[in-house]
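Where a number appears in this text, it was derived from the coordinates with a stated rule and is not lab data. These figures come from a predicted structure and were not determined experimentally. As a convention, Cβ positions derive from the backbone with ideal geometry for all residues, glycine included, and neighbour counts pool all protein chains shown.
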Amino acid sequence: MNDSVTIKISKKTKSRLEKQKNHPRETYDSVLVRILEYVSQDDELGPKTIKNIKKSTADIKAGRLYTMKQINKELEP
């Protein structure tokens, strides 16, 4: 059974969601879930946390990351 639904959003909103993707194949559902998790947290995010999240997201989008294989190789004795 397919539990998905269709919603109507503006092109501007779709463009904004597209920019929030961590990788090109990430679904809009995943993006929205991630956003809603931030919004629904009981604790407010401080300015430093928000700054770090934005920096991390920018690093991911720019490809500044390491694979587990690279990390494991670096940690080998």
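Across the chain, how large is the tail of the calculated P(r) beyond 13 Å, expressed as a percent of all Cα pairs? So the portion of pairs separated by more than 13 Å is 78 percent. Rounded to the nearest 20 debye, the dipole magnitude of the chain is 640 debye, with +1 charges on Lys and Arg beta carbons, -1 on Asp and Glu beta carbons, and the Cα centre as origin. Working from label points 7 Å from Cα in the Cα-to-Cβ sense, the ASN52 to ASN22 distance is 1.6 nm. Excluding same-chain neighbours fewer than eight residues apart, the lysines reachable from LYS11 by a Cα-Cα span under 25 Å are LYS19, LYS21, LYS54, LYS61. Annotation for LYS11 and ILE60: the two label points, set 7 Å from Cα along the Cα-Cβ direction, are 2.8 nm apart. Here the Gaussian network model covers the chain, with springs between Cα atoms less than 10 Å apart; of LYS12, LYS51, LYS21, LYS12 fluctuates the most.
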